[in-house]
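Bear in mind that the values in this text are calculations on the coordinates, not laboratory data. No experiment lies behind these values; they were computed from the predicted model shown. Neighbour counts are summed over all protein chains in view; Cβ atoms, including those assigned to glycine, are modelled from backbone coordinates with ideal geometry.
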Amino acid sequence: MTYGIHVQATKPQNPIVGDVYFDQVSSQLLVWDSKQWIPFAVNSQLDYVLMLDDERDFDDIDYKRFGIPTRTHLATTVEHAKRDVMQYGLPKVIFFDHDLGKDQPDATKFMWWLIDQHLDEQLDLRKLECVVVHSANPVGADRLVKLWEGFRDTEGIMAPVHRIWPGVFE
């Protein structure tokens, strides 16, 4: 499947998420992520893992023990996670913590964003290898698991969802 983008020659005055323009000063393609312009990732899927979590730093994890590539991005908010995906492409694996702190949307908002991007043919979630839910909130974790399973089953996505307890990282 090929995706096309419309590159604008001038910076849009009222950009919407996903607008792309070529900045002649920096000679870069930039994409609007709802709050700021960030470099557009031309490369496709990089070998990295995205961990969406506001409390854990994951610095002490033996990644090889879990079969995780060492290139790991930690996003502490939904907007940060969106920005990473827009900049670096779809990761191989995404870890979801449900609760992301006071005054922040929970991780279901990011999962819905991923699903919308797939349905709008902006991302191909068939390339995702695995989804891991590691939330200590059992109700929120179940919401994430059920959302992914329902989407996966209706869209023919192969990536399984795994539920693990946060303590496994300690």
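Computed values, structure above
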| quantity | calculated |
| --- | --- |
| Meets criteria (over 11 Å from the mean Cα position of the chain (by Cα), surrounded by 19 or more Cβ atoms within 10 Å (Cβ to Cβ) and farther than 12 Å from residue 144 by Cα) for residue 119 | no |
| Filter pass, residue 101 being touching an Asp or Glu at 6+ places or on another chain (Cβ under 6 Å) and in contact (Cβ under 8 Å) with a residue 40 or more places away in the chain | yes |
| Number of positions in segment 96-112 that are surrounded by 19 or more Cβ atoms within 10 Å (Cβ to Cβ) and out of contact with any Phe, Trp or Tyr (no Cβ under 8 Å at 6 or more places or on another chain) | 4 |
| Where a residue in segment 109-135 is closer than 14 Å to residue 49 by Cβ and its partner, wherever it lies, is among the hydroxyl-bearing types (Ser, Thr, Tyr), with Cβ under 9 Å and at least six apart | 127/44 |
